[in-house]
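Everything below concerns the one structure shown next.
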Amino acid sequence: MRAWDAEGKPRKPRVVCIGAQKAGTSWLHQQLNEHPKIWTTPFKELHYFNARHCPEHRQWLPWHFREAIRATEKRFRARGEEMPEDMVRYLVGMTADPMFTQKWYRQAFAPAPRGMLPLDTTPEYSALPDAGVDEVAEFLPRAKFIYLIRDPVARAVSQLRMNLARRKALPKTAQGYLHHLDDAELADRGDYAAYLPRWQARFPPDRLLVLPYGRIATDPAGLMREIEAFLGLDPFAYSRLDTVFHRGADAIEFPEEGRAILRDRFAAQYEFLTANFDAAFNAALR
């Protein structure tokens, strides 16, 4: 952590990256983590709002926080450093009941020094139900939101590979992927036609910035300039614009037959994107 105010008061995030899953949120989180005016928690993804409005998520959230703490400890060991006592106390507090209360969420950003904008990057927020987005709007009246969008088929393929890798069930043949195309999550996490209008109805363009995933590869510096302008930040020279974070596991190439099935299945998503964004935006989704 670059900055840590052990005596800081509970705060709310001022910047929230809401998704989509497998659409570059880890890359964006790492870039913003470098900016001297952005403060991030020791681990990505707080899952506050989805824990409150998507009860099924509570089944895997304990695993998420255990993994997050383990990764934080690993980073310190890799540098040959001992974790500061202030951070140890913070991590213990963040994983102690009661979790996912307003007090807990505010406390997550307490160490952020004044003058820095606290950031919450949690892709699951993009899929919140209406009541969840209502709570976001009521609880975070000053925050700004960033929503990265990826080509529906490419996003679903990436998510499927991640899910299967976590279950140690990656197929040994390309045809093996076809048995998993009915996983409801593949459509749910990329349902832009349902989710994006919920956010746009509550947040005007000066508070909600929607960006295409492909610009991470084709124009990362320009993408960050646009984000900085949106957040009111001075330009910064990022050191890892070309870095790939969370590279997927090695696996058999996904078959074109499967992509054709998904393209047909996601036809409504492509129609929505074409109707609501210009040709340049849609060309940059991949």
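The values are calculated or read from the model by the stated rules, or taken from the named source; none is laboratory data. Everything numeric here is computed off the predicted structure, so don't read it as measured data. Methodologically, a virtual Cβ is constructed for each residue, glycine included, from the backbone with ideal geometry; neighbour enumeration extends over all protein chains shown.
Rundown of residues vs (1) without any contact (Cβ under 8 Å) to a residue 60 or more places away in the chain; (2) within 19 Å of N50 (Cα to Cα); (3) in contact with a His (Cβ under 6 Å, 6 or more places away or on another chain), yes/no style:
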{"residue": "P141", "(1), (2), (3)": "yes, yes, no"}
{"residue": "A154", "(1), (2), (3)": "no, no, no"}
{"residue": "A169", "(1), (2), (3)": "yes, no, no"}
{"residue": "H179", "(1), (2), (3)": "yes, no, no"}
{"residue": "D182", "(1), (2), (3)": "yes, no, no"}
{"residue": "D188", "(1), (2), (3)": "no, yes, no"}
{"residue": "R198", "(1), (2), (3)": "no, yes, no"}
{"residue": "A217", "(1), (2), (3)": "yes, no, no"}
From the list E226, E271, which residue is loosely packed, with under 12 Cβ neighbours inside 10 Å and part of a helix (DSSP H, G or I)? E271
Looking at A174, is it surrounded by fewer than 16 Cβ atoms within 10 Å (Cβ to Cβ) and in contact with a Phe, Trp or Tyr (Cβ under 9 Å, 6 or more places away or on another chain)? yes
Which ones in the stretch 164-200 are in a helix (DSSP H, G or I) and over 24 Å from the mean Cα position of the chain (by Cα)? A174, Q175, G176, Y177, L178, H179
Criterion (loosely packed, with under 15 Cβ neighbours inside 10 Å, at pLDDT 95 or above and of a type in the set (D, E)) met by exactly one of D97, D120, D130: D130
Only residues that are among the hydroxyl-bearing types (S, T, Y) and exposed (fewer than 12 other Cβ atoms within 10 Å of the Cβ): list them for the stretch 236-250, please. S239
Filter the stretch 1-51 down to residues that are of a type in the set (K, R) and out of contact with any Lys or Arg (no Cβ under 8 Å at 6 or more places or on another chain) and give me whichever is farthest from H246 (Cα to Cα). K9
Any residue in the stretch 251-267 that is surrounded by 14 or more Cβ atoms within 10 Å (Cβ to Cβ), out of contact with any Leu (no Cβ under 7 Å at 6 or more places or on another chain), of a type in the set (A, V, I, L, M) and over 25 Å from R198 (Cβ atoms)? yes
Say whether the condition of being within 18 Å of the chain's Cα centre (by Cα) and at pLDDT below 95 is met by at least one residue in the stretch 223-231. no
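For (1) modelled with pLDDT of 95 or more; (2) touching an Asp or Glu at 6+ places or on another chain (Cβ under 6 Å); (3) over 28 Å from F236 (Cβ atoms), each residue gets a yes or a no:
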{"site": "P42", "(1), (2), (3)": "no, no, no"}
{"site": "L46", "(1), (2), (3)": "yes, yes, no"}
{"site": "F76", "(1), (2), (3)": "no, no, no"}
{"site": "V88", "(1), (2), (3)": "no, no, yes"}
Only one of F65, F49 is over 26 Å from D206 (Cβ atoms), among the hydrophobic types (A, V, I, L, M, F, W, C), touching a residue at least 12 places away in the same chain (Cβ under 8 Å) and surrounded by 15 or more Cβ atoms within 10 Å (Cβ to Cβ). Can you tell me which? F65
Out of (1) without any contact (Cβ under 8 Å) to a residue 12 or more places away in the chain; (2) surrounded by 16 or more Cβ atoms within 10 Å (Cβ to Cβ); (3) not hydrophobic (A, V, I, L, M, F, W, C), the odd one out for G232 is which? (2)
Of G190, G232, G222, which residue is touching a helix residue (DSSP H, G or I) at 6+ places or on another chain (Cβ under 6 Å) and of a type in the set (G, A, S)? G190
Checked against (1) in contact with a Leu (Cβ under 8 Å, 6 or more places away or on another chain); (2) under 30 Å from L285 (Cα atoms), Y105 satisfies every condition except (2)
